[in-house]
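The values are calculated or read from the model by the stated rules, or taken from the named source; none is laboratory data. All of these numbers come straight from a predicted model, not from anything done at the bench. Neighbour counts run over all protein chains shown; Cβ positions are idealised from the backbone, glycine included.
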Amino acid sequence: MRFPFKTFMIMLAVTALIFIWILIGSASKNIARKQSNPLADQLAGPINLQVWFQSYDEDYFLGALPKNTIVSYGDLGGNMGITQRLEGVYHITIDIEFNKAARVSQMTVLHEMCHEAQWGNDGLDVHGPKFQTCMHRLAAAGAFDLLW
Ligand SMILES: [Zn+2]
């Protein structure tokens, strides 16, 4: 059986249109991928916060921080993070607005972990000498190497 020339041309045109449609679809996906912000792609979540806490505790605090420490996001209205001790349990809260990028969250978690490790040691000056020593020790140990 032989296709008439007209049918052949219509089939060729349809095939070309489908091919162009696939190319445009693939190109627009690539453009969308290139425009996405890599930091926004790795937005931190509450599970990450707890995982980071455990891993930093093992890597930089000899596993000495209380295992029942709760690390979560919250709306602190102006603070990067806070550490509180409520009924004997430490709560680290990371501000959701100021810590949208994962690496910022990680730095804030490390900062708050120094508060936890130095709890009560610096008296009213929460960023006093013992806290500073803790932060310098973390920096010297490379805790911030991939973050800053
Ligand atoms: Zn602080």
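Values computed for the structure shown
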read-out: Residue match in the stretch 64-82 (condition: in a strand (DSSP E or B) and within 12 Å of the ligand (Cβ to nearest atom)); value: yes
read-out: Residues that are crowded, with 20+ Cβ neighbours inside 10 Å and acidic (Asp, Glu), drawn from the stretch 87-107; value: Asp95
read-out: Selection count, the stretch 50-63, where residues are part of a helix (DSSP H, G or I) and free of Cβ contacts under 8 Å to residues at least 60 places away in the same chain; value: 7
read-out: Positions within the stretch 83-103 being under 21 Å from Trp52 (Cα atoms) and either at pLDDT 95 or above or within 14 Å of the ligand (Cβ to nearest atom) (or both), in sequence order; value: Thr83, Gln84, Arg85, Val89, Tyr90, His91, Ile92, Thr93, Ile94, Asp95, Phe98, Asn99
read-out: Criterion: in contact with a Cys (Cβ under 7 Å, 6 or more places away or on another chain) and either within 14 Å of the ligand (Cβ to nearest atom) or of a type in the set (A, V, I, L, M) (or both) - qualifying residue of Met107, Met135; value: Met135
read-out: Count - residues of the stretch 115-127 that are in a helix (DSSP H, G or I) and more than 8 Å from the ligand (Cβ to nearest atom); value: 2
read-out: Close pairs (6 angstrom Cβ cut-off, 6 or more residues apart or separate chains): free of Cβ contacts under 8 Å to residues at least 40 places away in the same chain and assigned by TED's automatic domain parsing to the domain that holds Phe53 in the stretch 125-143, away from the ligand (no atom under 11 Å from the Cβ) and of a type outside the set (Ser, Thr, Tyr) anywhere; value: Lys130/Asn121; Cys134/Ala117
